[in-house]
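Here the structure is laid out as structure tokens; the discussion comes afterwards.
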Amino acid sequence: MTDTLSQLFQLDPIAGIAGLVLIFLLYAVVGFLPACGFVYAIYFLLTLPMRRNERARFFLDLLERGLRDGRTPERAIAEAAASHDRALGKRFHLLSAYLEDGMHLSEALNRVP
């Protein structure tokens, strides 16, 4: 392999560099990217319970702050959802939509998984 590369560089250095770049790209696509995807999948699965707990803590903190400021839980949720922050999640916005339709908090919580 080294003999072939040294011969390629002696004959045409540009073609040798292009060949090395091509080999590197092939390595990145075939070897490195799937390995990164596998590591990310493990990370995603391991942190799933922690992210769920963090969303629950955030929701309870939101309700607590709303009650402390004299707002109803429904109004606190609606005001938070009005920010369109993606960190709140799809289910939070679904809960807010149910509350905006006039549903009570307990009914809306039963409908949103």
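Being at pLDDT below 90 and touching a Phe, Trp or Tyr at 6+ places or on another chain (Cβ under 6 Å) is true of G16. Screening G37 with (1) within 30 Å of L109 (Cα to Cα); (2) open to solvent by less than 60 Å² (accessible area, probe 1.4 Å) gives one miss only, at (1).
Suppose we keep only residues that are under 20 Å from E54 (Cα atoms) and either in contact with a strand residue (DSSP E or B) (Cβ under 6 Å, 6 or more places away or on another chain) or among the basic types (K, R) (or both) within the range 66-113. Which one would you say is most open to solvent (accessible area, probe 1.4 Å)? It comes out as R86. For L60, the requirement of being modelled with pLDDT of 90 or more and open to solvent by 60 Å² or more (accessible area, probe 1.4 Å) is met.
The values are calculated or read from the model by the stated rules, or taken from the named source; none is laboratory data. Predicted model only: the values in this text are computed from it and were never measured. All Cβ positions, even for glycine, are placed from backbone atoms using ideal geometry, and neighbour counts span all protein chains on display. Just so you know, the surface numbers come from the protein's heavy atoms only, side chains and all, with ligands and any DNA or RNA stripped out. Shrake-Rupley method; radii C 1.70, N 1.55, O 1.52, S 1.80 Å.
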